[in-house]
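The values are calculated or read from the model by the stated rules, or taken from the named source; none is laboratory data. Everything quoted here is computed from the prediction, not taken from an experiment. All Cβ positions, even for glycine, are placed from backbone atoms using ideal geometry, and neighbour counts span all protein chains on display.
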């Protein structure tokens, strides 16, 4: 297969600094990323593994505010007017300032969609509605362990996109893509939603296996790992990120 | 508001979790609802409560405290006499027994003070289940005696080094483990909080405390004026209050950790503090100590068991409705209460429970002598010796620790060690 694979890549806002995170974003786009998923650090990211939690804790220890994260997103939006930007975070940061208020600010910063895994799609505190009002989409997260009736309900709820977590558990471990993964993806798509597939995607081989089944392949921890390792050597960081993004997006 | 409607107590509660946790929660809810109507399950639990936990626990009349404080008759529910030293065993045993019926072989739990971890470790040892306890690194340090005991029961204590390294981080870590391993694993959450069905389930297993109080008071014609319990997450409080929620004449009072003062980061007061707000965290909607963005604020309390940024949703709802009053007790006042009840009644309160004792000391005078106020001593204070000793006998304690370290480093038997002075 020689076609480019659509890639959604994940970054923690402000990690390790705003400037280095910005360099990383540039390197991702250069490497073929079509969508940037920007995580706003939360003090208790219970769906994330140790790698991303450590990154979030580090950023928050500088007294990093939601406003700083949104300013970072604005900067990305100005630099990359055509890239799709999704905001990933947790319910607390959305609910505390008021869902309507948060969505308005996110849209103003240039966000196109929201991924908030702990606001359930059928009890989302008005997230879907407020996304719509502000020209964004709410992207719920499906998991392979979902009971079939619940998954069916999600698939038929009219969401334009659904994020399919391809493995039970948390971010950061490698996932094997087998028959049951593909069957799960079919179910997620069954109501007509487009599907982003990720969780534990580290190699081009995995991306290729997934590519034809999803709208875009999602990779997160693999980049956070590179950033964590190379934060004192920005040139190497950029180079490795671009190479990895190229590998995953098949260019 | 005696139980939830679809997981909600008024506006609080819910099941705010990522979909990965939805199935284990839904399965748990179904199993809980089934077994709470199953006679064989309830009978087995009852026998364990009687013969292993040591129920019923005494309702003790405290004559000297009554005399010294003036006003109400002071009673203490000696829940700390339950096996493993606190009320936590009521819930841990109930959930472990339920998990066994569900076919789970592995148990995980979070712990703050260590009392819930200890209770879960003991329940697992008794029922033949494997046990891993997540505990914040800071709590591991300040509650070493409980860590040692958990290991004796055969549990693995996993220190949590992420985030603030306390109870809330242990909850996150346990949720992660559960998300990945729920097929063979049950997560025994220790307080009446978290996503549904935990608040209902924990209250039901803890309500044995309140039911006994109700029976004991009826047998002895005790007229209750008020009931007092400490509130961290609130499992002892909601279990103690549960049968009395609709008995309007009885005041129900929750004592929160006032820490060292009213400032941000100085306490763990979710119902009394101005820094608290409605929020969604760790799977439920309730009152939390959060900043304007929604980030968890640091908390502070001398008692590890109350050092948590959220409060059970049912208690939050009952507080908002005015049915439960909340008060805030400083570290200093809790220590004074430990000393007061130890010296005058021969009863050693855990630092957590001493917050309820201190609140009772403040309000006793408001009542006529024919009325009783009942303090729930949810745990006993043996575990706190590393915290209370430096306060009550600092120089002797320091000498002891130095001598003990020297002895261990030189690999000496206790009989050959240096005399600590005095004799």
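Have a look at B:389, B:378 and point out the one that is in contact (Cβ under 8 Å) with a residue 12 or more places away in the chain and either crowded, with 22+ Cβ neighbours inside 10 Å or within 23 Å of the chain's Cα centre (by Cα) (or both). Steps first, answer last, please.
Values: B:389 fails: in contact (Cβ under 8 Å) with a residue 12 or more places away in the chain.
After ruling out the rest, the residue left standing is B:378.
As an exercise: evaluate residue B:74 against (1) surrounded by 15 or more Cβ atoms within 10 Å (Cβ to Cβ); (2) more than 24 Å from residue B:113 (Cβ to Cβ); (3) in the same structural domain as residue B:185 (by TED's automatic domain parsing) and give the number of the one condition it does not meet.
(3)
Condition test on residue B:154, is it assigned to a loop (DSSP other than H, G, I, E, B), out of contact with any strand residue (DSSP E or B) (no Cβ under 9 Å at 6 or more places or on another chain) and more than 27 Å from residue B:286 (Cα to Cα)?
No, not satisfied.
For residue B:255, indicate whether it is buried (at least 24 other Cβ atoms within 10 Å of the Cβ), in the same structural domain as residue B:59 (by TED's automatic domain parsing) and either touching a helix residue (DSSP H, G or I) at 6+ places or on another chain (Cβ under 8 Å) or touching a residue at least 12 places away in the same chain (Cβ under 8 Å) (or both). Give the derivation first.
On the way: buried (at least 24 other Cβ atoms within 10 Å of the Cβ): yes; in the same structural domain as residue B:59 (by TED's automatic domain parsing): yes; either touching a helix residue (DSSP H, G or I) at 6+ places or on another chain (Cβ under 8 Å) or touching a residue at least 12 places away in the same chain (Cβ under 8 Å) (or both): yes.
Here the answer is yes, as residue B:255 does meet what is asked.
Each row is one residue, and each column tells you yes or no for (1) more than 14 Å from chain A (Cβ to nearest Cβ); (2) touching a helix residue (DSSP H, G or I) at 6+ places or on another chain (Cβ under 7 Å); (3) under 23 Å from residue B:87 (Cα atoms); (4) buried (at least 19 other Cβ atoms within 10 Å of the Cβ).
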position: B:280; (1), (2), (3), (4): no, yes, no, yes
position: B:316; (1), (2), (3), (4): yes, no, yes, yes
position: B:320; (1), (2), (3), (4): yes, no, no, no
position: B:324; (1), (2), (3), (4): yes, yes, yes, yes
position: B:351; (1), (2), (3), (4): yes, yes, yes, yes
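Could you tell me which residue of the stretch B:265-277 is nearest to the other protein chains (Cβ to nearest Cβ), considering only residues that are without any contact (Cβ under 8 Å) to a residue 40 or more places away in the chain and closer than 26 Å to residue B:4 by Cβ? Outline the logic, then answer.
Of all residues in the stretch B:265-277, those without any contact (Cβ under 8 Å) to a residue 40 or more places away in the chain come to B:265-266, B:274-277.
If we keep only those that are closer than 26 Å to residue B:4 by Cβ as well, we get B:276-277.
On the way: B:276: 12, B:277: 7 Å.
Applying the filter and picking the extreme gives B:277.
Using the structure shown, decide if residue B:363 is more than 14 Å from chain A (Cβ to nearest Cβ) and either free of Cβ contacts under 8 Å to residues at least 24 places away in the same chain or in a loop (DSSP other than H, G, I, E, B) (or both).
Working: more than 14 Å from chain A (Cβ to nearest Cβ): yes; either free of Cβ contacts under 8 Å to residues at least 24 places away in the same chain or in a loop (DSSP other than H, G, I, E, B) (or both): no.
Taking the combined requirement at face value, the residue does not satisfy it.
So, in the stretch B:291-305, exactly how many residues are at the interface with another protein chain (Cβ under 9 Å from one of its Cβ atoms) and in contact with a strand residue (DSSP E or B) (Cβ under 8 Å, 6 or more places away or on another chain)?
Within the stretch B:291-305, the first condition is being at the interface with another protein chain (Cβ under 9 Å from one of its Cβ atoms), and the residues that meet it are B:291-297.
Okay, now just the ones that are also in contact with a strand residue (DSSP E or B) (Cβ under 8 Å, 6 or more places away or on another chain), so B:294, B:296-297.
Qualifying residue count, the stretch B:291-305: 3.
Any residue that is away from chain A (no Cβ under 13 Å), touching a strand residue (DSSP E or B) at 6+ places or on another chain (Cβ under 7 Å) and surrounded by fewer than 23 Cβ atoms within 10 Å (Cβ to Cβ) - is there at least one of those in the stretch B:204-218?
For the stretch B:204-218, residues away from chain A (no Cβ under 13 Å), touching a strand residue (DSSP E or B) at 6+ places or on another chain (Cβ under 7 Å) and surrounded by fewer than 23 Cβ atoms within 10 Å (Cβ to Cβ): present.
Exactly one of (1) over 24 Å from residue B:238 (Cα atoms); (2) touching a strand residue (DSSP E or B) at 6+ places or on another chain (Cβ under 9 Å) is unmet by residue B:343. Its number?
(2)
Go through the stretch A:94-114 and give me each residue that's surrounded by fewer than 23 Cβ atoms within 10 Å (Cβ to Cβ) and within 14 Å of chain B (Cβ to nearest Cβ).
Hits for the stretch A:94-114 are A:97, A:98, A:99, A:101, A:105.
Can you say whether residue B:195 is assigned by TED's automatic domain parsing to the domain that holds residue B:27, touching a strand residue (DSSP E or B) at 6+ places or on another chain (Cβ under 8 Å), modelled with pLDDT of 95 or more and in a helix (DSSP H, G or I), as far as the supplied structure shows? Outline the logic, then answer.
Details: assigned by TED's automatic domain parsing to the domain that holds residue B:27: yes; touching a strand residue (DSSP E or B) at 6+ places or on another chain (Cβ under 8 Å): yes; modelled with pLDDT of 95 or more: yes; in a helix (DSSP H, G or I): no.
Here the answer is no, as residue B:195 does not meet what is asked.
Have a look at B:67, B:19 and point out the one that is over 20 Å from the mean Cα position of the chain (by Cα), without any contact (Cβ under 8 Å) to a residue 40 or more places away in the chain and not assigned by TED's automatic domain parsing to the domain that holds residue B:121.
Numbers: B:19 fails: not assigned by TED's automatic domain parsing to the domain that holds residue B:121.
Answer to the selection: B:67.
Report whether or not residue A:120 is within 14 Å of chain B (Cβ to nearest Cβ), outside any strand (DSSP E or B) and within 19 Å of residue A:214 (Cβ to Cβ). First the steps, then the outcome.
Working: within 14 Å of chain B (Cβ to nearest Cβ): yes; outside any strand (DSSP E or B): yes; within 19 Å of residue A:214 (Cβ to Cβ): no.
Against the criterion (within 14 Å of chain B (Cβ to nearest Cβ), outside any strand (DSSP E or B) and within 19 Å of residue A:214 (Cβ to Cβ)), residue A:120 does not qualify.
Has the stretch B:30-48 got at least one residue that is within 22 Å of the chain's Cα centre (by Cα), assigned by TED's automatic domain parsing to the domain that holds residue B:182 and surrounded by fewer than 16 Cβ atoms within 10 Å (Cβ to Cβ)? Even if it seems obvious, please write down each step before you answer.
Residues of the stretch B:30-48 that are within 22 Å of the chain's Cα centre (by Cα), as a first pass: B:32, B:45-46, B:48.
Retained after the next criterion (residues that are assigned by TED's automatic domain parsing to the domain that holds residue B:182): B:32, B:45-46, B:48.
Adding the requirement that they be surrounded by fewer than 16 Cβ atoms within 10 Å (Cβ to Cβ) leaves B:46.
Looking through the stretch B:30-48, at least one residue is within 22 Å of the chain's Cα centre (by Cα), assigned by TED's automatic domain parsing to the domain that holds residue B:182 and surrounded by fewer than 16 Cβ atoms within 10 Å (Cβ to Cβ).
Need at least 2 residues that are within 30 Å of residue B:392 (Cα to Cα) per element, so show me which strands (runs of 3 or more DSSP E) inside the stretch B:203-319 make the cut, counting only ones lying wholly within it.
Working: elements: B:224-230, B:251-259, B:276-281, B:284-289.
Counting at least 2 such residues, we get B:224-230, B:251-259.
Report, by residue number, each residue of the stretch A:40-66 that is out of contact with any helix residue (DSSP H, G or I) (no Cβ under 7 Å at 6 or more places or on another chain), touching a residue at least 40 places away in the same chain (Cβ under 8 Å) and more than 8 Å from chain B (Cβ to nearest Cβ).
Selection gives A:48, A:56, A:58, A:59, A:62, A:64.
For the stretch B:153-189, enumerate the residues that are within 22 Å of residue B:200 (Cβ to Cβ), more than 10 Å from chain A (Cβ to nearest Cβ) and surrounded by fewer than 24 Cβ atoms within 10 Å (Cβ to Cβ).
Of everything in the stretch B:153-189, just one residue is within 22 Å of residue B:200 (Cβ to Cβ), more than 10 Å from chain A (Cβ to nearest Cβ) and surrounded by fewer than 24 Cβ atoms within 10 Å (Cβ to Cβ), namely B:185.
So, in the stretch A:128-162, of the ones that are part of a helix (DSSP H, G or I) and under 18 Å from the mean Cα position of the chain (by Cα), which residue ends up farthest from the other protein chains (Cβ to nearest Cβ)? Break it down stepwise before answering.
Applying the first criterion (part of a helix (DSSP H, G or I)) to the stretch A:128-162 yields A:128-133, A:148-155.
From the residues that got through so far, the ones that are under 18 Å from the mean Cα position of the chain (by Cα) too are A:128, A:131.
Values: A:128: 15, A:131: 17 Å.
If we take residues in the stretch A:128-162 being part of a helix (DSSP H, G or I) and under 18 Å from the mean Cα position of the chain (by Cα), then A:131 is farthest from the other protein chains (Cβ to nearest Cβ).
Give me the residue from the stretch A:69-93 that is within 11 Å of another protein chain (Cβ to nearest Cβ) and touching a helix residue (DSSP H, G or I) at 6+ places or on another chain (Cβ under 7 Å) and, out of that set, farthest from residue A:26 (Cα to Cα). Let's see the steps before the verdict.
Filtering the stretch A:69-93 for residues within 11 Å of another protein chain (Cβ to nearest Cβ) gives A:69-70, A:89-93.
Filter once more, keeping what is touching a helix residue (DSSP H, G or I) at 6+ places or on another chain (Cβ under 7 Å): A:70, A:93.
On the way: A:70: 17, A:93: 26 Å.
Here the answer is A:93.
Looking only at the stretch B:1-52, how many residues end up being in a helix (DSSP H, G or I) and out of contact with any helix residue (DSSP H, G or I) (no Cβ under 7 Å at 6 or more places or on another chain)? Write out each step before concluding.
First pass over the stretch B:1-52, keeping only residues in a helix (DSSP H, G or I): B:19-35, B:39-52.
Restricting the remaining residues to those that are out of contact with any helix residue (DSSP H, G or I) (no Cβ under 7 Å at 6 or more places or on another chain) gives B:19, B:23, B:25-30, B:33-34, B:39-40, B:42-43, B:46-47, B:50-51.
Residues in the stretch B:1-52 being in a helix (DSSP H, G or I) and out of contact with any helix residue (DSSP H, G or I) (no Cβ under 7 Å at 6 or more places or on another chain): 18 in total.
Run down B:83, B:91 and say which single residue is crowded, with 16+ Cβ neighbours inside 10 Å and either without any contact (Cβ under 8 Å) to a residue 60 or more places away in the chain or farther than 30 Å from residue B:184 by Cβ (or both). Break it down stepwise before answering.
Working: B:91 fails: either without any contact (Cβ under 8 Å) to a residue 60 or more places away in the chain or farther than 30 Å from residue B:184 by Cβ (or both).
Result of the check over B:83, B:91: B:83.
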